[in-house]
1. Calculate the radius of gyration of the Cα atoms of the stretch 288-394 to one decimal place, then report Dmax, the largest Cα-Cα distance, as a whole number, both in Å.
2. If you project the alpha carbons of the stretch 198-277 onto the principal axes, what extent comes out on each, in Å, largest first?
3. Would you kindly state how much longer the chain becomes between E255 and K151 on full extension, computed as 0.36 nm times their sequence separation minus their alpha carbon distance, in nm to one decimal?
4. Quick one: if the Förster radius is 51 Å, what FRET efficiency do N131 and E299 give, using the C-beta to C-beta distance and rounding to 0.05?
5. Show that you can apply the helix-only estimate: for the chain, add -39,500 (n - 2.57) for every DSSP H stretch of four or more residues, divide by all residues, and state [θ] at 222 nm to the nearest 500.
6. Using each residue's phi in the stretch 330-343, evaluate 6.51 cos²θ - 1.76 cosθ + 1.60 at θ = phi - 60° and report the 3J(HN,Hα) Karplus result to the nearest Hz, with x for Gly and Pro.
7. Can you tell me the length gained on complete extension of the stretch E421 to L196, counting 0.36 nm per residue apart and subtracting the Cα distance?
8. Going by average Cβ neighbours within 10 Å, how do the peptides 87-94, 210-217 rank, with the highest at the top?
Amino acid sequence: MKITRLFVCLLLLFLAPSQSTFAADTATAGAGWKVGLSQVRVTPAHPVVMSGYGGRTKPFEGVAGDLYVKALVIEDAEGHRAAIVTSDLLGFSAAVAEPICEEINTKTGLKRDQILLTSSHTHAGPMLSLNPADQTGVAEGEALRSVAYTKLLQQKVVEVVTEAAAKLEPAHFSFGSGVINFAMNRREFTPTGIILGVNPRGLADRSVPVLRIDTPDGNPRAVLFGAAVHNTTLGGDNYQICGDYAGFTQAYIDEQLPGVQAMFVLGCAGDANPYPRGTMEITRQHGEALGKEVCRVLETKLRPISGPMKVAFDQVALPLQTNFTREQLESLTANKRSAQAFCATKMLAALDRGEKLLTHYDAPVTVWQFGDDLTMVALSGEVVVDYVTLLEKALGPNKLWLAAYANDVFGYLPSARVLAEGGYETRGLYSGGAGFFAPQAEETLVKKVRKLAGKAGRKLPE
Ligand SMILES: [Zn+2]
């Protein structure tokens, strides 16, 4: 080892000046960062109702895999900070997320636009709710237990970010991409309409973004990685707490790289399911497949990621359809099994209370820009895959990480195409209000992301 180093040093002495400059540049590329890491187990200690599938009104019966909330706080050489939280949970609604961000601000000084709360969207985790009345079909005692769990969880998220922010250490960032093969578009076209099924010819984002975080001497400390597949390998008949495939992936990486904090970020998975699905064994297989791919990418030649870091955050007013008559809403509620019935029922109740229908929904959008090297866009809601193509066109396809299910999971965010075709993703808001997105929401969102990316310093195509 020492001999090799000596040889390299001697070699550098004889290199032309321009090449020496290059060597110095590559040595500093990806450096200058500081990170703080922390994680906490959030597996419910007491039986609580699970969330993600309608109809599960009794508590979980066992634990197949622990759930975690993990924090990564980043600081660039100029002192700009940002924090990302990943979690094995269904999703943070604005009602749950905003008090967390306020408390993090009090404890760490990190402002709202510097905080990114994400969730893996596991459907084998606990219900998150601060209001027992929101938990349809759940007995009052169970609903109160969910509220207690949610309050405790909020505290834990604040604590984990505060801990991470208090122990920043020098780090080196690098980035690469891999691919997975279990992503399946789930909008199946049938003679009687679009169902939640399998559509092998449909689009799915199979990319696996991987951000490797090392100590300055090259030892891995953390990996932030993504996939754009619903965490729904386990179905509604499952009563075991589990992080689904993403939970198994993190466990696999823990096993392969002890001490390295593995953090999962979900992409535009609104209309993508794992394939196949249905059993714990398949869930483990998908998890390990993704874990192996992340570990493989970590060993490839990664691109250094330099600072400075710039964040841009804003709410975008996404237009909702306002031209509903009471009769139209009533016909949507007539079929209780239709995807639109839940939202239409809430809209009718609003009309009954003498309220006007909502005209738009304020959806948070975050953009993180890492020097000229990487842009991470974090959308809120369950974003369908069409936005991958739309945003690649609006922002340029390179050096781009597209994440979703961040900050506020209010419902599906369909594209204009999906709205025109129909299907499950057109079911409307399920939290933070009631309404169905209008086709114009697509253009409004894409324009906003482009504006924020430009503000954060991404070089945009004409
Ligand atoms: Zn979903």
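No lab work stands behind these numbers, since they all come straight from the coordinates. Quantities reported herein were computed from a predicted structural model and do not represent experimental measurements. Positions of Cβ are generated from backbone atoms using ideal geometry, with glycine treated the same way; all protein chains shown enter the neighbour counts.
1. 21.2, 61
2. 46, 30, 16
3. Taking 0.36 nm per residue and subtracting the Cα distance, the gain is 34.3 nm.
4. Working: r = 47 Å, r/R0 = 0.92.
It comes to 0.60.
5. The helix contribution divided over the chain gives -10500 deg cm²/dmol.
6. Once θ is set to phi - 60°, the couplings for the stretch 330-343 become 4, 5, 5, 7, 4, 8, 4, 8, 6, 5, 7, 4, 4, 5 Hz.
7. Stretched out fully, the E421 to L196 stretch lengthens by 79.7 nm.
8. The most tightly packed comes first, giving 87-94, 210-217.
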